[in-house]
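A.B. asks: Pasting a structure below so you can have a look.
Every read-out reported here was derived from the displayed coordinates using simple, explicitly stated rules and does not represent laboratory data. Keep in mind it's a predicted model, so treat the numbers as computed, not measured. Cβ sites come from the backbone with ideal geometry, for glycine too, and all protein chains shown count toward neighbours.
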Amino acid sequence: MQTGHGMANDINSRSRTYCIARSLQRCESCACFTPVIGLVLSAGHETLESGADADGDPEAAAADSWESAETRALLFFVEYLSQTVQRRLQQVSRHYRLEYDDQEGQTYWMNHCSFCGAKQGDFELYCEPEGAFMPISEEEAAFIRLFEVSEPFEALAGGYMYISESSDSAQGEP
Ligand SMILES: [Zn+2]
């Protein structure tokens, strides 16, 4: 993977504003409920669609294109964050940083337990029932709080999930 300059070419999601989501995750190592954070892109955000999907025109086939999304979305398995987003997140959590995930075999921005320091992998947070950002009940969803950040967002992320706007009642104060 390319590093250094030219990072702007490596992002696949961007937005004018975003939200930092905060929730609680039960740590498998110490059994405490640790605070964790996540990223929510505002409605109107854009994702980079691969030009390989373009039909017909061979000249257009090579070009990637930005597609606008009508709903909000969760991002996870985030491999790259722009500097402004990194700085904002570090103000919110000291336990969110780039880390290698042995189970997934990749490095991404990951939460860590605030009590024992254990890794809190994104699979557990986003893909497992009762994960911090995959609530299976209204009571659990109430733990999720969103904080709006009126700053531009850029990232490269492998995980992307639309948020249904019907369950919009669990929002916290700014
Ligand atoms: Zn722990």
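A.B. asks: Please give me the summed charge of the neighbours of T17: other residues whose Cβ is under 9 Å from its Cβ, Lys and Arg +1, Asp and Glu -1.
C.D. replies: -1
A.B. asks: Starting from 0.36 nm per residue, how many nanometres of slack lie between E99 and E139 once their C-alpha separation is accounted for?
C.D. replies: Going from the current span to full extension adds 11.3 nm.
A.B. asks: Here is a follow-up. By average Cβ neighbour count within 10 Å, what is the ranking of 121-130, 95-104, 33-42 from highest down?
C.D. replies: The densest-packed peptide leads the list: 33-42, 121-130, 95-104.
A.B. asks: Ok, one more. Can you give me the distance in nm between label points at Q91 and F115, each placed 7 Å from the Cα along the Cα-to-Cβ direction?
C.D. replies: Result for the modelled spin labels: 2.9 nm.
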